[in-house]
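The structure under discussion appears below in the form of structure tokens.
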Amino acid sequence: MTNIKRDMNIKTKLVLIMLATSCVALVLAGAGFIAYEHIRVKSDMDRDIRSLARIVANRSTVALTFNDSAVASATLAALSVKSSIVSACIYDRSDHLFAEYRRDEACPPLYPGLLGDNGVVVYDRYSNVGEDIVLDEQILGKVWIKASLHELIGLWRKFLLAAGAIIALSASIAFLLASRLQRVVSEPLMRLKKTVETINSQKNYTLRAAVDSDDEFGALNRAFNTMIATIEARDHELLAANRQLAENEKQLAGINEALEERVEARTAELAETNAKLAHNSVILATVLDSMSQGLIAFDADLKLLVWNTKLSEVRGYPAAMLQAGRDYAEFVRFDLADEALRFENPDGVLGEFFREVRQFRQHLFTGTRLDGRVIEIAGGPIADGGFVSTYEDVTLRIQAEAALKEARDAAESATQTKSQFLANMSHEIRTPMNGVLGMLHLALQTDLNASQRNY
């Protein structure tokens, strides 16, 4: 095939080029038009069927509410005006067949449930549409409509036949025009070819090609006429260029050797740097995982950057959430709404904490989870935007502080009781002693013998 193309004369090649260009343009244009029409008609058909499914769903809420399959069947019977619909079904909320309309095929006893984009799936030359029947935000059942694509296929075949006829007619006209227009290019080339053959056969380099135009062919002929006169000069120039090229190759070899040495040195530096980075990353990961506190960091867009293994143990975040790029809002929803591990009684304090975090400010919050564990969250902003927070389970510390406070209160109460007891005893002892001392003073004022005074 390649030899045949190479051996064709210029006239045939020009005709084939123009004809091929025209045919390719026509085929592409026709294919684009047919593809566009096919997509448009298919989209319109799918949209119509989806609209019918929505209408049937809206009109079937009463039938499903009152379990009236006759009304549902009457609603489906209205689809008989659409010849492309082969069957339509209504299923209850348990996906069992409730009512049906059939033209060619019966409805499945259970809801098929196989849906593609926009609720439409196409297989076996059929378009299948499903729609939920909703009343007061509750799903009462589903509508399933199956429509034939034979109409679309027939339209597609008509488009292909019309496009084929147009392309054949256009190719015939293009062939006639190309057969005549190719002479504008082929005739000057044929004359130049004849001149070249004459010079080659006669070795007569005084011959020149006729220059009868100022276009590219005229320029080609003038260039051909000056070619023979400049062969020797160009040969000398070529030899000089070869010598210069050899010299340049030597210089280039030296430059390449120096460049290779620099590349090797740079590669070694880069490998060493990468090794240090990898080592530092391992050290950082080890340090983070050895922390007794959970740690988490987010970037300026509130996307998860880094965390340690202690975080899941302390806060209870599931492993599926701890993925780089997770949005901070997901963690907020977990803290507020998780059925097992959310914080108790979320109020304005927790909301203010979340606002401080989102504004990358210093933050501190202590909250109690539903399981009774007390979590302390502390952190602040990081240099390039974002924030870092630590999570610590302070349940034991809170319990110890409470026990310490209780012991302190008990000690203070015991001290107060002791002081009151000593005050009462001092009063009770001091009262009779005052009387004894008074009587002793009076006795000393009387005449006593030595023995009595000694007592």
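The values are calculated or read from the model by the stated rules, or taken from the named source; none is laboratory data. Owing to the predicted nature of the structure, the values given are computational and were not obtained by experimental measurement. Reconstructed Cβ throughout: ideal geometry from the backbone, glycine too, with neighbour counts over all protein chains shown. The area values use the complete protein model at the heavy-atom level, side chains included, leaving out ligands, DNA and RNA. Shrake-Rupley method; radii C 1.70, N 1.55, O 1.52, S 1.80 Å.
The table that follows gives values for the structure above.
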{"item": "Net dipole in debye of the chain [+1 Lys, Arg Cβ; -1 Asp, Glu Cβ; about Cα centre; nearest 20]", "result": "2080"}
{"item": "Mean Cβ neighbour count within 10 Å, used as a protection proxy, ranking 397-405, 353-361 highest first", "result": "353-361, 397-405"}
{"item": "Coil-residue chymotrypsin sites (Phe, Trp or Tyr not before Pro) of region 10-69, DSSP, other Cβ within 10 Å capped at 14", "result": "Phe66"}
{"item": "Among the listed pairs Lys13/Lys193; Lys82/Lys146; Lys276/Lys310; Lys42/Lys82, those beyond 20 Å (Cα-Cα)", "result": "Lys276/Lys310"}
{"item": "Cut-off 13 Å between beta-carbons: net charge of the residues surrounding Arg333, Lys and Arg +1, Asp and Glu -1", "result": "-3"}
{"item": "Probe 1.4 Å, protein heavy atoms only - accessible area per residue of the chain in square angstrom", "result": "67"}
{"item": "Accessible surface of Glu428 - all protein chains present, 1.4 Å probe, nearest 10 Å²", "result": "120"}
{"item": "Helix-derived mean residue ellipticity, 222 nm - over the chain, DSSP H n ≥ 4, -39500 (n - 2.57), to 500", "result": "-21000 deg cm²/dmol"}
{"item": "Principal semi-axes in Å for region 1-109 [√(5λ), Cα gyration tensor, largest first]", "result": "58, 13, 10"}
{"item": "Computed P(r) (all Cα pairs; the chain; 20 Å bins; percent)", "result": "13, 16, 23, 23, 14, 4, 4, 2, 1, 0"}
{"item": "Probe 1.4 Å, all protein chains present, accessible-area order of Phe175, Phe331, largest first", "result": "Phe175, Phe331"}
{"item": "Area accessible to solvent at Ser69, 1.4 Å probe radius, in Å²", "result": "50"}
{"item": "Shape parameters for region 253-372, alpha-carbon atoms, Rg then Dmax in Å", "result": "22.0, 77"}
{"item": "Distance cut-off 22 Å, percentage of C-alpha pairs in region 348-439 lying past it", "result": "60"}
{"item": "Surface share of carbon and sulfur [accessible, 1.4 angstrom probe, percent] for the chain", "result": "59"}
